[in-house]
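One structure is given below, encoded as structure tokens.
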């Protein structure tokens, strides 16, 4: 341990400079104008893996944004562990709310500030640094390693199911360690036992052939914005539950084990509301906020638009109205089935005086869960307890990491969350940052974790 630990201590300025360089690449996967930046980030990752001594480093083309693969397979009899993360980032808008340009990262108050610092470039670089330290000081790794870093996670990983399914032999592994993950707090570790899945669609409502004068024509036909508002209002019951028939049919109940884990989670409802600036809570009756966010599915409007949007009043009846809707799903809901149920509900509810088009978004995510006593979780619990001097909490999270479900489906490999982001680091928002204390802590944790996994017995 002393050799790689000293190596980490001595090279922190180098690692920080590399992270600054990495974050400066505007690898925004959602915007076509940044397609080459995503490719540039992929090449940066591939070259870095080659520089540290990984082998078979290459880009895996997807028809859209590429992934990066590398391996080191010289530990016979030891588990094969895949390391996953992503190098694409969210758009940086609104730019005027950033204190510094989002792709000119800075270090201040022991934090690195810039788009993608926490999600996921800082967290993704941590295991690369751990591999570097172990190879530089020991000349080998404790386990067989495969790396798969993608460039389209922030748009839902639409091509990754096909890539994983078509490369089962190349990507075969005993487990996956996910660097795109979080801890509960600066001094409190956590292990994630489940992630919600995702399915979404867009609704387009049309009535007249063009926008018309509200004085001349108002009241004579159904305003599409009114029709859309009625459809959206009808998606929930008065008790906060989703009104779509069959929506809850395949929802798994909370197990006794996870219910006991949930009771150990420190949660302050008043602070929750204060942090979010809420006047009150709303949701499915009979469930706590954590139960709703982690163990129950949800349906939300992500965007809605129609008619005149600028300052002042333009007295028209708009010809069209639009909304984007997403559902967060839990085991054992199927995203395709949920989209079908939602489409049927909308078609049955849509007034006959307007035309409606429902378009399904290409990206879906399967809901995911892993047992608390999976060998990877047991190893991670030992490491996190050593690093933080306290045992981890066992939690679920409401967001999605789409590849977790695809790794399980196509490779039969469970994914263990092993990232060091925190929920206050403004991911997807202006002034995103990553604590350098977490950056340093994570490097040690990853080195220990890879050694800990060397003794894991993987069965079944």
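Results, tabulated for the structure shown:
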{"item": "Pairwise centroid distance, computed over Cα atoms, of the stretch 279-294 with the stretch 91-109, Å", "result": "33"}
{"item": "Crossing angle, helix 436-453 versus the chain [Cα axis fit, 0-90 degrees, rounded to tens]", "result": "60"}
{"item": "Relative contact order computed over the stretch 354-460 (Cα-Cα under 8 Å; 6+ residues apart), in percent", "result": "32"}
{"item": "Order of 145, 325 - criterion: other Cβ atoms within 10 Å of each residue's Cβ, fewest first", "result": "325, 145"}
{"item": "Full-extension gain in nm, residue 33 to residue 233, via 0.36 nm per residue minus C-alpha separation", "result": "68.4 nm"}
{"item": "Euclidean distance between Cα centres, the stretch 410-460 to the stretch 175-236, Å", "result": "30"}
{"item": "The stretch 1-93, relative contact order [Cα under 8 Å, separation at least 6], %", "result": "25"}
{"item": "Cβ crowding within 10 Å averaged over residues, with 402-408, 275-281 ranked highest first", "result": "402-408, 275-281"}
{"item": "DSSP beta bridge pairing in the chain, given as percent antiparallel to the nearest 5", "result": "70"}
{"item": "Compactness index (Cα Rg / 2.2 N^0.38 Å), the stretch 48-135", "result": "1.35"}
{"item": "Residue 268-residue 109 pseudo-label distance in nm [points 7 Å out on the Cα-to-Cβ vector]", "result": "1.8"}
{"item": "Potential extension, residue 454-residue 311 segment - 0.36 nm per residue separation minus Cα distance", "result": "45.2 nm"}
{"item": "The chain: angle of helix 35-52 to the longest principal axis, Cα-based, in degrees nearest 10", "result": "20"}
{"item": "Fully extended contour minus Cα-Cα distance, from residue 429 to residue 206, at 0.36 nm per residue", "result": "77.0 nm"}
{"item": "Computed FRET value (nearest 0.05) for residue 250 with residue 74, which takes r as the C-beta separation and R₀ as 41 Å", "result": "0.40"}
{"item": "In nm, spacing of pseudo-spin labels at residue 360 and residue 221 (7 Å Cα→C-beta vector)", "result": "3.1"}
{"item": "Sorted by Cβ neighbour density within 10 Å, fewest at the top, the residues 157, 438", "result": "438, 157"}
{"item": "Neighbour-count order for 359, 80, 216, fewest beta carbons within 10 angstrom listed first", "result": "216, 359, 80"}
{"item": "Sequence-separation-based contact order of the chain, relative, with Cα cut under 8 Å and 6+ spacing, percent", "result": "26"}
{"item": "Using alpha-carbon coordinates, inclination of helix 122-138 to the longest axis of the chain, degrees", "result": "10"}
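Since every read-out is calculated from the coordinates, none of them should be taken as a lab result. No experiment lies behind these values; they were computed from the predicted model shown. Cβ: placed from backbone, ideal geometry, glycine included. Neighbour counts: every protein chain shown.
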